[in-house]
Amino acid sequence: MKYQRPRGTNDLTPDRSPLWRRLRHVYEEVVTQFGYAEVDPPIFEATELFARAVGEDTDVVSKEMYSFTDRKGRSLSLRPEGTAGVVRMVIENGLLGGGGILRLAYWGPMFRYDRPQAGRYRQFHQFGVEALGEGGPALDAELIELLVATLRAAGLGELRVDLGSVGDRCCRPAYVERLREALTGMDDRLCPTCRERRVTNPLRVFDCKETGCHEALKHAPRMLDHLCDDCRAHLERVEALLADQAIPFRRDRDMVRGLDYYTRTVFEVHDPGLGAQSALGGGGRYDHLVEDCGGPPTPAVGFSAGIERLLGVVEQEGALAASERRSYGAYLSLMTPAAEPHAARIAARLRRAIPVEVDFTGRSLKAQLKTANQRGVRFAIILGPDEIDARSATLKDLDSGVQKTLPESDLLELIQAWLASEPPAPRAAPGR
RNA sequence: GUGGGAGUAGCUCAGCUGGUAGAGUGCAUGGUUGUGGUCCAUGUGGUCGCGGGUUCGAGCCCCGUCUCCCACCCCA
C-alpha cells in the first residue's frame, strides 16, 4: 500500500458514519435542552495562547502539541483541547457583556502527539461546554448533570463520576508550600525532572511517568486534605446537589488533571467497562483563566468528552443499535442509457419526498436489484425500453415483492400509499 | 516515553520441521427472455506491510523500519 493514514488518525468510513451522526444529534439535542449555544473556534491558534492557558509545564504543552510556523514566521498550534480557544473567542468578541451566564458548546477535532492506544489517538474529537460568569457550585453540578445526561441519552448505563478539588488562590499556595517541603524530604527518590518540578511547579509531580516517583508520592500530602473553608464548602455543595439529582459520584483524592488552569472543582466520568482508557469526559472550574487571558475577571466551568471513546462504548454495548437505514428510499435501475433523461426527471420529482439513488452502471437488471436490496431501500424502480416509450415506471416493493407498472406522474402517489401500509413481513437483511 | 503481541485476497483468517500461497466471505457470470433476498455451479481475486540479510530455496529464520493491537503512564 502506497499511502496510509498518519499514525494515530482515523478514517470515518461509511459503515460507522451513521452512528457518528446519531451521536452528534444526541449532543445537539441535550446541549440545546440545557440552553447552550454552539460555537466553533478555529482548530489552530497562536501557540502562546495554549502555553499560557494550559500551562507551560504540562505534558500537553511541553511535548504533545502539533506546532508549526506559518509563512510569516508566526508560531501556531493545532488545538490540543477546546477551552483555550473558546475563552479567547469570548474575550475577542466581547461576549461577556450580556449579563447572566454565558453558556457555550462545541464539537470538533483536537490534536495531541501521544502514543496511540485503544481509545487514544493523535487526532480525536471532543464535544464540550463552557459556562462563564458564575462562580457558585450549582453551575458545577449542572455541567456534571449535562455530561451524564448526554452519555445516558447515547444509551450508556453504568457510569462513574469522580469528583475532587484542586483548591483556589486562598488555599493552594499554602498547600504547594507544604507539598514542596514533603518533596524536599524525599529528594533522593525523585527523578531529575521532578526535582526540578519541586521548584517550578510542584503539583506536576503527580503526573510524572517514573515508577519510582509514583511510589515515593504515595504518602505525599493531597490538596483535598488541605482545602480552605470556602473550597471545602463549595465541594460539599456540589456533592449535595449531585446526590439530589441521583447522580452517583465518589471523591477521588488522587485526581490531578493535566491542565494548569483548574481551580476548585475537577471531575471525570468513566465507563467501568472500557479498560485502560476509561475516561469518557472530564473538566472542572477555571475561575481565573479568562482574566489571565486578558479578559475581565470571570469565574467559569467547563468539560469535554471524547467522541471516539463514546463511540466505542456505544458500539460495544449495542446502544443506539437501531440503524439509520433509508428504509423509505428508492433505487432507480436503468436498463439502457436511453433511460437517463427519464430517470433524471423521475428522481428529481421523488427527491422532494424520499431519498433516491440512481444506478448508471449499465449492469444487468439482476445485478442492479441485488444492489438495491443491499442498500436497504424499500423500493426499486425499473426503467426499461417499455417504460421509456410509455413515460411510465415499474415500481417494485422489495419487502413484499409486489410490483406495478404505472404512469410516471402517478409514481409518488403509489409510493406514499405503500409506505402508509406496513409491509407484510419484517425486513430480511438490515442492509448497512 | 517504556514493555509485550500482530501484519498473508476487498473483509475475517489458516498456512506443519524453510520446499510450487489456501479457506470462508465478497465480487463477477450462469442456472432465469426484464427481476433482489435463499440455494447450486463456475470464475475472479495476492508486492505474504516495507527494506535488507542467511540459504540451492524464505510467508516461515535474522536485522532494521512502518503501522495496528494490548499493557504501563497519561488522559478524552
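The values are calculated or read from the model by the stated rules, or taken from the named source; none is laboratory data. Since this is a predicted model, take the numbers as computed values, not measurements. Positions of Cβ are generated from backbone atoms using ideal geometry, with glycine treated the same way; all protein chains shown enter the neighbour counts. Note: areas computed on protein heavy atoms with side chains; ligands, DNA, RNA excluded. Shrake-Rupley method; radii C 1.70, N 1.55, O 1.52, S 1.80 Å.
From the list A:S400, A:S421, which residue is more than 10 Å from RNA strand B (Cβ to nearest atom) and either surrounded by fewer than 19 Cβ atoms within 10 Å (Cβ to Cβ) or farther than 11 Å from A:A330 by Cβ (or both)?
Result: A:S421 is the single residue among A:S400, A:S421 that is more than 10 Å from RNA strand B (Cβ to nearest atom) and either surrounded by fewer than 19 Cβ atoms within 10 Å (Cβ to Cβ) or farther than 11 Å from A:A330 by Cβ (or both).
Would you please name the residue that is nearest to RNA strand B (Cβ to nearest atom), looking only at residues in the range A:325-369 that are in a helix (DSSP H, G or I) and surrounded by 17 or more Cβ atoms within 10 Å (Cβ to Cβ)?
Ranking the qualifying residues of the range A:325-369, first place goes to A:L369.
Looking only at residues in the range A:57-83 that are in contact (Cβ under 8 Å) with a residue 60 or more places away in the chain and under 30 Å from A:R198 (Cβ atoms), which one is nearest to the chain's Cα centre (by Cα)?
Per the stated criteria, the residue is A:E81.
Among the candidates A:L151, A:L143, A:L156, A:L147, single out the residue that is within 15 Å of A:G281 (Cα to Cα), touching a residue at least 12 places away in the same chain (Cβ under 8 Å) and assigned to a loop (DSSP other than H, G, I, E, B).
After applying the criteria, what remains is A:L156.
I need a count of the residues in the range A:370-386 that are open to solvent by less than 40 Å² (accessible area, probe 1.4 Å) and near RNA strand B (Cβ under 6 Å from one of its atoms).
2
Quick one: is A:L183 surrounded by 15 or more Cβ atoms within 10 Å (Cβ to Cβ) and within 21 Å of A:S304 (Cα to Cα)?
Here the answer is no, as A:L183 does not meet what is asked.
Just to be sure I understand, how many residues within the range A:26-57 are surrounded by fewer than 14 Cβ atoms within 10 Å (Cβ to Cβ) and in a helix (DSSP H, G or I)?
4
Rundown of residues vs (1) within 8 Å of RNA strand B (Cβ to nearest atom); (2) more than 30 Å from A:W20 (Cα to Cα), yes/no style:
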{"position": "A:S278", "(1), (2)": "yes, no"}
{"position": "A:D287", "(1), (2)": "no, yes"}
{"position": "A:D292", "(1), (2)": "no, yes"}
{"position": "A:G295", "(1), (2)": "no, yes"}
{"position": "A:L310", "(1), (2)": "no, no"}
